[in-house]
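Everything on this sheet refers to the single structure shown next.
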Amino acid sequence: MSRNLDNAFWSAARKHLIRYGGAFEPAIIERAEGSFVYDADSRPILDFTSGQMSALLGHGHPRVVATVRRQVETVAHLFSGMLSRPVVELAERLAALAPGLDRALLLSTGAEANEAAIRMAKLVTGKHEIVAFSKSWHGMTGVAASATYSAGRKGYGPAAVGSIAIPAPNSFRPRFKKADGSLDWAAELDDAFALVDSQSTGSLAAFIAEPILSSGGMLELPQGYLAALKQKCRERGMLLILDEAQTGVGRTGDMFAFQRDGVTPDILTLSKTIGAGLPLAAVMTTAEIEETAHERGFLFYTTHVSDPLPAAVGLTVLDVVEEEGLVERARLLGGKLFDGLSGLKQRYECVGDVRGRGLMLGVEIVKNGQGREPDHELGAKIAAEAFRRGLSMNIVKLPGMGGVFRIAPPLTISEDELDLGLRTISEAIEAVLSSGAGRAGMAAE
């Protein structure tokens, strides 16, 4: 019998754990190494989502392990008013990587970083309205949750006053179309801000956006969109906050996703990837904004602000990314992965779209035919079959969206492991289709 069926373990889990969203995977994970996690039967499971989109360097990277051991023995945590060398050095390194964003605040989680960014924007502008995309995810706390529209809004009482949403651009399902049927994102953005202006009380503080809306279904902002969005913000005296929790530190083939567009935000938040699986986040902004915030009494004094242990890990992550050329590697392997997934789209009609950038890609599962109707049930079956075959992929299930697989393996993944993942996805799709409608989901040869 499989050790994953340990009745005592699952009984204790049911009795003592608070469930926080979705169902738990049907496996007991005992350890992780490189691109794999291992269950109670020592079965390797290829991790195609880098844990929670965070383990940028894979699991248990020896450099990160060595840094944690060394730093814990030296100093891990301090009174929040004390500074250590890793904190100042990491802030300096980040500033060098994002010219113009010269000041940094080091925190623990993405939600915390977005809370701080929005709080700062409100203080500096003297306004309170925050605009975000309708399929966004910026965290589960306070104003970060109020700016999250992809899930979790019902049943918790009022959102923060001044929360406004606009549609996220979707090239696969365009709301505004050009004559050729492609997305007219400029017209959509103009229309969206006309609606923002009609709703605003004249107190627009900031727009917060992900360059690729991950939980929203891996929706990438089209080239040119970010520049137009920043212009909309400038015209209204708003700040632009970019949340690069998942896109930052090389994953998209640039150090930061915004650099492809040549558009620097007023405030940048980082998390997930900067800690490579450990709790580290950062808020970055200009010297001018930081000075104004400080003069007006900016307060974000938390227990683990400026902790030396995660800061030391962040420095190691940046070292490894640079020394191993992982930004370029993400670009090259991302191209290989995109081509492989596009091959599945050609083969299976249920693969409606492949999108994304670098090693952050989405695969949308739809019902057969040209209607692009989402197929949540088929997507869930494919995910379960892939997991049974030793591949972990996260699937987004949202109203109006098909089952969208979020694929974001570690930047250290080997080409053989990438091929294994592609092969397993294909086999999972084949198995599910064969067990149901036979070859009805196969594209015409």
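The values are calculated or read from the model by the stated rules, or taken from the named source; none is laboratory data. The model shown is predicted, which means the values in this text are computed figures rather than measured ones. All Cβ positions, glycine included, derive from the backbone under ideal geometry; neighbour counts span all protein chains shown.
Tabulated data for the structure shown
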quantity: E290, sole failed condition from (1) under 19 Å from L107 (Cβ atoms); (2) outside any helix (DSSP H, G or I); (3) of a type in the set (D, E, K, R); calculated: (2)
quantity: Count of the range 109-151 residues which are assigned to a helix (DSSP H, G or I), touching a Gly at 6+ places or on another chain (Cβ under 7 Å) and among the hydrophobic types (A, V, I, L, M, F, W, C); calculated: 2
quantity: Residue list for the range 293-318, filter: part of a loop (DSSP other than H, G, I, E, B) and hydrophobic (A, V, I, L, M, F, W, C); calculated: F298, L299, F300, V305
quantity: Matching residues, the range 120-135, being surrounded by fewer than 24 Cβ atoms within 10 Å (Cβ to Cβ) and under 21 Å from P211 (Cα atoms); calculated: E129, S134
quantity: Subset of the range 258-269 [surrounded by 24 or more Cβ atoms within 10 Å (Cβ to Cβ) and in contact with a helix residue (DSSP H, G or I) (Cβ under 7 Å, 6 or more places away or on another chain)]; calculated: F258, P265, D266, I267, T269
quantity: Residues of the range 34-81 that turn out to be out of contact with any strand residue (DSSP E or B) (no Cβ under 8 Å at 6 or more places or on another chain) and at negative phi, as a count; calculated: 27
quantity: The range 270-290 - residue that is more than 19 Å from G51 (Cβ to Cβ) and not hydrophobic (A, V, I, L, M, F, W, C) and, of those, surrounded by the most Cβ atoms within 10 Å (Cβ to Cβ); calculated: T285
quantity: Any hit, the range 74-86, residues being polar (S, T, N, Q), in a helix (DSSP H, G or I) and buried (at least 20 other Cβ atoms within 10 Å of the Cβ); calculated: no
quantity: Test for M255: is it among the aliphatic types (A, V, I, L, M) and either in contact with a Cys (Cβ under 9 Å, 6 or more places away or on another chain) or crowded, with 24+ Cβ neighbours inside 10 Å (or both); calculated: no
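Every residue, every condition in (1) within 21 Å of K272 (Cβ to Cβ); (2) at pLDDT below 95; (3) of a type outside the set (D, E, K, R); (4) in a helix (DSSP H, G or I), yes or no:
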position	(1), (2), (3), (4)
A386	no, no, yes, yes
M401	no, yes, yes, no
V404	yes, yes, yes, no
L411	yes, no, yes, no
L420	no, no, yes, yes
I429	no, no, yes, yes
V432	no, no, yes, yes
A437	no, yes, yes, no
